[in-house]
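To keep things clear, I will list the structure first and then write my remarks on it.
The values are calculated or read from the model by the stated rules, or taken from the named source; none is laboratory data. None of the values given here were measured: they were computed from a predicted structure. For neighbour counting, all protein chains shown are included, and Cβ atoms are generated from backbone atoms with ideal geometry for every residue, glycine included.
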Amino acid sequence: MSEQKNIIPLGRQDFDRDLGKLEAELILMSGLVEQAIFNALNALKYRDVEKSQKVIDEDDNIDQTELEIERTCIELIRREAPMAGDLRRIVASLHIAGELERIGDYAEGIAKISITMGAQPPLKELIDIPRMGDMAVRMLKRSLEAFISRDADLVRKLSVELEKEDDEVDDLYAKVQTDLLELVKADPENAEPATYLMRVAHNVERVADRAMNIVERALYQATGELVSGSTQIEPIAE
């Protein structure tokens with residue numbers, strides 16, 4: 001009788017399929033969040049209150065997707081009692097969904113600021129803030145790529161690159177703050193519209209920070225290393 005090799009148990013096939021669906025839901029959620037940030041900043045730039053309201057309304061879809069991912073993660077843990085790498089994959093997915101939900105909240109916050117501004121044009125031409133947004137969304141995309149890859153070497157490489165990009169976002173954020181403060185010093189009546197843009201810039205800067213959190217979870221999934229900023233915790237044993 002010939003020896004059978006590389007036969008995956010049916011239960012494992014089902015589990016792998018469910019994990020694949022979970023990652024597909026995260027990719028979908030990330031796409032919703034990326035679009036929300038883009039739409040919110042675009043609506044702010046062109047004073048499109050209707051589009052801003054649409055961003056607010058569609059945040060419910062992001063929240064609902066996070067709940068579905070959370071339910072899936074809990075059900076997989078309950079049903080499969082996964083160990084080591086599989087458990088890390090599920091726990092990382094749960095945390096990443098939470099990060100994406102918060103980014104959706106930042107987009108909603110930008111849209112609400114835009115509506116509060118009404119027909120009032122921004123205090124200054126929006127150049128640096130949209131640049132921050134483009135960079136932060138690119139960071140988000142790459143952090144999800146790192147997570148989906150489950151390749152430790154690639155995750156570490158992307159982590160280093162994203163840290164540099166995060167520094168660039170921080171530098172732009174500081175520039176926006178300095179420019180707006182100069183406008184307020186020149187005319188105290190600029191204080192209110194300057195505050196609006198500072199809040200928008202803060203929300204965008206936080207998107208980049210959340211992308212860094214996601215790449216930390218990607219590293220945790222791939223290696224078992226828990227990293228927070230410059231602090232590293234010993235890997236969880238297999």
Residues of region 120-134 being of a type outside the set (D, E, K, R) and farther than 11 Å from R47 by Cα, in sequence order, are L123, L126, I127, I129, P130, M132, G133
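Yes or no, residue by residue, for (1) within 28 Å of L87 (Cα to Cα); (2) without any contact (Cβ under 8 Å) to a residue 40 or more places away in the chain; (3) not polar (S, T, N, Q):
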| residue | (1), (2), (3) |
| --- | --- |
| T116 | no, no, no |
| L123 | no, no, yes |
| T178 | no, yes, no |
| A186 | no, yes, yes |
When region 93-106 is examined, which residues are found to be more than 9 Å from the chain's Cα centre (by Cα) and under 14 Å from I27 (Cβ atoms)?
S93
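Residues checked against (1) out of contact with any Gly (no Cβ under 9 Å at 6 or more places or on another chain); (2) of a type in the set (A, V, I, L, M, F, W, C); (3) at pLDDT below 95:
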| residue | (1), (2), (3) |
| --- | --- |
| I103 | yes, yes, no |
| A111 | yes, yes, no |
| L123 | yes, yes, yes |
| I129 | yes, yes, no |
| M135 | yes, yes, no |
| K175 | yes, no, no |
| E182 | yes, no, no |
| P193 | yes, no, yes |
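Across region 61-120, what is the number of residues that are part of a helix (DSSP H, G or I) and either at positive phi or not hydrophobic (A, V, I, L, M, F, W, C) (or both)?
Of region 61-120, the ones part of a helix (DSSP H, G or I) are 61-80, 84-117.
Next cut, either at positive phi or not hydrophobic (A, V, I, L, M, F, W, C) (or both) only: 61, 63-66, 68, 70-72, 75, 78-80, 84-86, 88-89, 93, 95, 98-99, 101-102, 104-106, 108-109, 112, 114, 116.
So the answer is 32.
Does L144 satisfy the criteria of being surrounded by fewer than 17 Cβ atoms within 10 Å (Cβ to Cβ), touching a helix residue (DSSP H, G or I) at 6+ places or on another chain (Cβ under 8 Å) and in a helix (DSSP H, G or I)? Full working, then the answer.
Working: surrounded by fewer than 17 Cβ atoms within 10 Å (Cβ to Cβ): no; touching a helix residue (DSSP H, G or I) at 6+ places or on another chain (Cβ under 8 Å): yes; in a helix (DSSP H, G or I): yes.
For L144, the condition - surrounded by fewer than 17 Cβ atoms within 10 Å (Cβ to Cβ), touching a helix residue (DSSP H, G or I) at 6+ places or on another chain (Cβ under 8 Å) and in a helix (DSSP H, G or I) - is not met.
Just name the residue that is surrounded by the most Cβ atoms within 10 Å (Cβ to Cβ) out of those in region 188-206 that are free of Cβ contacts under 8 Å to residues at least 24 places away in the same chain and aliphatic (A, V, I, L, M).
Going through region 188-206, the residues free of Cβ contacts under 8 Å to residues at least 24 places away in the same chain turn out to be 188-189, 191-192, 195, 198.
Next, only the ones that are aliphatic (A, V, I, L, M) stay: 191, 198.
Working: A191: 14, M198: 19.
Applying the filter and picking the extreme gives M198.
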Looking at the structure I just gave you, is D170 touching a helix residue (DSSP H, G or I) at 6+ places or on another chain (Cβ under 9 Å), assigned to a helix (DSSP H, G or I), surrounded by 15 or more Cβ atoms within 10 Å (Cβ to Cβ) and modelled with pLDDT of 95 or more?
no
